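*Asks:* Pasting in a structure now, in structure tokens, and then I'll have a few things to ask.
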Amino acid sequence: MTPTINELIEKIIANNPNADVDLVWLAYEFAEKAHAEAKRFSGENYIYHPLRTAMTLAEMKLPIPLIIAGLLHDVPEDTDYTINDIKKNFGKDIANMVAGITKLGKIKYRGVERYVENLRKMFIAMAADLRVIVIKFADRLDNLNTLDVHPPHKQTRIAKESLEIYAPIANRLGMGELKGQLEDAAFPYVYPKEYEWVRELVSDTLETKQKHLKGVIRSTKQELKKHKIDYISVHGRTKHMYSLYKKLIRYDKDISRIYDLVAIRIIVKNIADCYTVLGIIHNKFKPIKGRIKDYIAQPKPNGYKSLHTTAFCPDFKEIIEFQARTEEMHWEAEFGIAAHWHYDEEGSVQPDKHLEWVKELANIQKEIATKEKFLESLETLKIDLFQNRIFVFTPKGDVIDLPEEATPIDFAYYVHTDIGNKCSGVKINDEIASLDTKLNNGDVVEIIIDKKRKNPSSDWLKFAKTRHARNKIKNTIKTNRLK
Ligand code: MN
């Protein structure tokens, strides 16, 4: 569905009644004129694509400069107008964003080459200005949604790239909603058979579940009112198809073992209410053992916060997941790093310094000056950035964020290079373990050091997972050999 410019403006004003929308109008007129002669592959007027892209950004309540850059994003690439024309009319900041998007678009390689080059450009663009990536996501989402007019080889390429590069990055930036939308739009093109299988598998289950969900929502609301909890909303959400598919694979394709096919989200006013809600639910429905997760006290590495619990609702003979969160947490869970940008209407948005990962990005970017270098480090990079993360603890209770399958060696080097180099053993949850043990979420890890030790063991490279640890091991061995 293509919005009109009026609908876009209405959306912006609905989100921010004081918004100055004059420049949005001008940008629309500018883009429409620039693309006037052009049709998209489907035969529709070209301007519809930037309009839908801008609408996606407006729905995320993003600042006006991003929405304008969304409207203008294909102008330099596809029309006679240049970045300079954009700069003259809309200023340097918007022109820079559009230039960033244009650069990302120009990738001529094929196959692995293309993949690597694409990933490298994404990292460089991200380190420079994260807003560019978010606009690119919105652009890509519309390309995916209008993919059916293209020949099959092009469909597969674009969809695969979205699944392998765009969605994981969106995930790492905490943009759950966008990640889900990108994946679901790409899924049928990349894995058509699997997509059909999941669709058929859930069609019956889902219908019954959604009917039951309505009932559970009703009785949850009553229960909250009874306990005088002034909730903001109680609503259902259905799991995205692709993430369901991946979960099914992990659960022997047994859909009866997947409890969060549908879930109930309870949005409340403050953190204390989140915990009260959890108590109310456990009092009303029987919680399932081992399914209570406190992501408020221990957020996920991408910043996700919520309380989760799964409970049995006897009236409907249904096991349902409940998620309690504040409005701010909800916003962050859906839009991640971009959730904070709408507070900052004026200034340009710098990468969020609080995100360890974003800091890391700037360093990686420096190291991957050449494509060869990048290819070399690609495997460990993918592990560092795209895998799911685990939390482990130091004996003092500090939380350390590592990729899945990380070992005590990764932990040791994360804490300090010296701890890594002098590592001679490890206690995991108070028990001696070997250094190649894969760490699990929640493990308490204590590194035993040998003060006399000078060199790390090159054997560690066989099981060290993170780029950081691997680099430190290699470098220390190299420098000590030269001494
Ligand atoms: Mn585009």
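Taken together, the values in this text are just the output of simple stated rules run on the coordinates, not laboratory data. This is a predicted model, so every value here is computed, not measured. Using ideal geometry, Cβ is built from the backbone for each residue, glycine included, and neighbour counts are taken over all protein chains shown.
*Asks:* Which FRET efficiency, nearest 0.05, do ASP418 and ASN6 yield, Cβ-Cβ r, R0 51 Å?
*Replies:* Efficiency for this residue pair is about 0.25.
*Asks:* Quick one: order HIS308, HIS416 by neighbouring beta-carbon count within 10 Å, fewest to most.
*Replies:* The most exposed by this proxy come first: HIS416, HIS308.
*Asks:* Can you tell me what percent of all Cα-Cα pairs in segment 388-482 are more than 20 Å apart?
*Replies:* Cα-Cα pairs in segment 388-482 separated by more than 20 Å: 27 percent.
*Asks:* Same structure again: Roughly what would the spin-label model give for TYR259 and LYS438, points 7 Å off Cα along C-beta, in nm?
*Replies:* Output for this residue pair reads 2.3 nm.
*Asks:* What is the distance in Å between the Cα centroid of segment 410-483 and that of segment 194-246?
*Replies:* 45
*Asks:* How high is the FRET efficiency between ASP22 and LYS92 when r is their beta carbon distance and R₀ equals 25 Å, given to the nearest 0.05?
*Replies:* Taking R0 as 25 Å, the efficiency between ASP22 and LYS92 is 0.85.
*Asks:* Once both labels are modelled 7 Å past Cα along the beta-carbon direction, what's the ARG157-ILE288 spacing in nm?
*Replies:* Distance between the two pseudo-spin positions: 4.3 nm.
*Asks:* Let me ask something else about it. Normalised by the residues of segment 193-335, what does the relative contact order come to in percent, with Cα pairs under 8 Å and at least six apart?
*Replies:* Result for segment 193-335 is 24 percent.
*Asks:* Give the residue from TYR414, THR476, ILE449 lying farthest towards the positive end of the charge dipole for segment 388-482; charges sit on Cβ (+1 for Lys and Arg, -1 for Asp and Glu) and the dipole is referred to the Cα centre.
*Replies:* The one lying farthest along the dipole's positive direction is THR476.
*Asks:* A further question on this structure: Could you compute the FRET efficiency for GLU405 and ALA36, with r as their C-beta to C-beta distance and R0 at 41 Å, rounded to 0.05?
*Replies:* E(calc), rounded to 0.05, equals 0.15.
*Asks:* About its Cα centre, how strong a charge dipole does segment 388-482 have in debye, to the nearest 20, once Lys and Arg get +1 and Asp and Glu get -1 at the Cβ?
*Replies:* 720
*Asks:* If you don't mind, there's one more thing I want to ask. Modelling each spin label as a point 7 Å along the Cα-to-Cβ direction, I'd like the LYS269/LYS246 distance in nm, to one decimal.
*Replies:* For the pair LYS269/LYS246, the computed spacing is 3.7 nm.
*Asks:* Oh, and also: Farthest toward the dipole's positive end in segment 193-335, which of ILE281, ALA263, SER306, given Cβ charges of +1 (Lys, Arg) and -1 (Asp, Glu) about the Cα centre?
*Replies:* Ranked along the dipole, the leading option is ILE281.
*Asks:* Further question: Please tell me the relative contact order of segment 388-482 in percent, rounded to the nearest whole number, where contacts are Cα pairs under 8 Å and at least six residues apart.
*Replies:* After rounding, I find 31 percent.
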